[in-house]
Amino acid sequence: MGYTALYRKFRPTTFAELVGQEHITRTLKNQIMANRVGHAYLFNGGRGTGKTSSAKILARAINCLNPKDGEPCNECEICKAALNGSLTDIVEMDAASNNSVEDVRAIREEVNFLPTKAKYRVYIIDEVHMLSVGAFNALLKTLEEPPEHVKFILATTEPQKLPATILSRCQRFDFKRISNEDIVKRLKIVCDESNIEATESALLMIAVLAEGAMRDALSILERCIQDGDNKIDEDKIKDLVGIPKFDFVNRIMQAITSYSVENAIEITNEIINQGKDLENFLWEMIKYTKDVLVFKTSKKIELYNDEEKEQIKAMAQNVGKERLVELIYQLSELQNSLKWATR
Ligand SMILES: [Zn+2]
């Protein structure tokens, strides 16, 4: 069997498997069960939050021959054909590459024909904000008088770029950033089923790096096992994404807070010589300082192992709040000027 990327292999095939969007899946399932599915939906949300997966599940659920509690069975003839991509009644279109009037006109002509196998012909249009003005107008005509057997699911990361006329004809669902907790939960399942051994703190680090996008979390997990070693800990992830190890950050912050210029320069040179990315390093320094400040004010501390926690506590004891705030400010300024510096 060929190799399948983790995010493809673990793409959710039911609403129940979809992570972190219960407010949406509940409503959709209720609509399906009550046979009150709308004719046009707008799925809005950041990348990797499950918009396209939900669109595919919805398209199957309304066409499934044996739907159960609003979920597709994924086993009937229609579901199977949809899953292997051979069902021509479910049409997926990427508006980023098919954004012309002609592309949408083709849909307008097609919608007049009955579906070939399924009950509904479903158009899933990804990145719909990329359509041209002409294409939007053509789409609007279809949305205004949709034939009974046609459903539209539009997905976008930038709803503000859509004409109000389109927005007003769609039921809108806003997909949330997936919480770190939910990402970790899903990663654990993926690890179990793929024989990957990862520490809890490593999974949390992946979740933080993924910034609410399940797909990104799975890509990072995937990169972690590409060396053929199925064991993952924090250091492995840090090496992989070029995050300096805690020890480095801790040492340079100690040097800075004790005004030891020589040490600070020495550590900086070490980092440059190791080929670490300076922007990443700065980002870590800011995060470290923020975490020290948070600990100082609320005694909360996350994402660190026991030894590291002790270091953070010691730093919090030795440095005043004002100094920490000032440091965050200065480091952020530096980060900004680095961004605009010529490289
Ligand atoms: Zn089915």
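If I filter region 118-139 for residues that are basic (Lys, Arg), within 16 Å of the ligand (Cβ to nearest atom) and within 29 Å of the chain's Cα centre (by Cα), do I get at least one hit?
No: region 118-139 contains no residue that is basic (Lys, Arg), within 16 Å of the ligand (Cβ to nearest atom) and within 29 Å of the chain's Cα centre (by Cα).
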Residues that are closer than 15 Å to ARG108 by Cβ, assigned to a helix (DSSP H, G or I) and touching a Pro at 6+ places or on another chain (Cβ under 8 Å), drawn from region 124-166: PHE136, LEU140
Counting only residues that are aliphatic (A, V, I, L, M) and more than 9 Å from the ligand (Cβ to nearest atom), which one in region 54-83 is surrounded by the fewest Cβ atoms within 10 Å (Cβ to Cβ)? LEU83
How many residues does region 199-237 hold that are more than 22 Å from GLY48 (Cβ to Cβ) and free of Cβ contacts under 8 Å to residues at least 12 places away in the same chain? 4
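Determine, yes or no, whether ARG169 is of a type outside the set (Asp, Glu) and not in a helix (DSSP H, G or I).
Judged against the criteria, ARG169 is a match.
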Which numbered condition LEU87 fails, given (1) touching a strand residue (DSSP E or B) at 6+ places or on another chain (Cβ under 9 Å); (2) within 12 Å of the ligand (Cβ to nearest atom): (1)
Do we have any residue at all in region 97-115 that's within 16 Å of the ligand (Cβ to nearest atom), in contact with a Ser or Thr (Cβ under 9 Å, 6 or more places away or on another chain) and more than 22 Å from ALA138 (Cβ to Cβ)? no
Quick one: would you say GLY50 is surrounded by fewer than 18 Cβ atoms within 10 Å (Cβ to Cβ) and touching a residue at least 60 places away in the same chain (Cβ under 8 Å)? no
Kindly provide the set of residues from region 15-43 that are of a type outside the set (A, V, I, L, M), crowded, with 18+ Cβ neighbours inside 10 Å and closer than 11 Å to SER53 by Cβ, ordered by number. PHE15, GLN21, THR25, PHE43
Give LYS299, LYS290, LYS309, LYS276 a once-over and let me know the one that is modelled with pLDDT under 90, outside the structural domain of ILE196 (by TED's automatic domain parsing) and closer than 22 Å to LEU203 by Cα. LYS309
Might you let me know whether region 228-243 holds any residue that is of a type in the set (Lys, Arg), in a helix (DSSP H, G or I) and touching a Pro at 6+ places or on another chain (Cβ under 9 Å)? yes
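The values are calculated or read from the model by the stated rules, or taken from the named source; none is laboratory data. Note that the structure is a prediction, hence the values are computed from the model and not measured. Note that we place each Cβ from the backbone using ideal geometry, even for glycine, and neighbour counts take in every protein chain shown.
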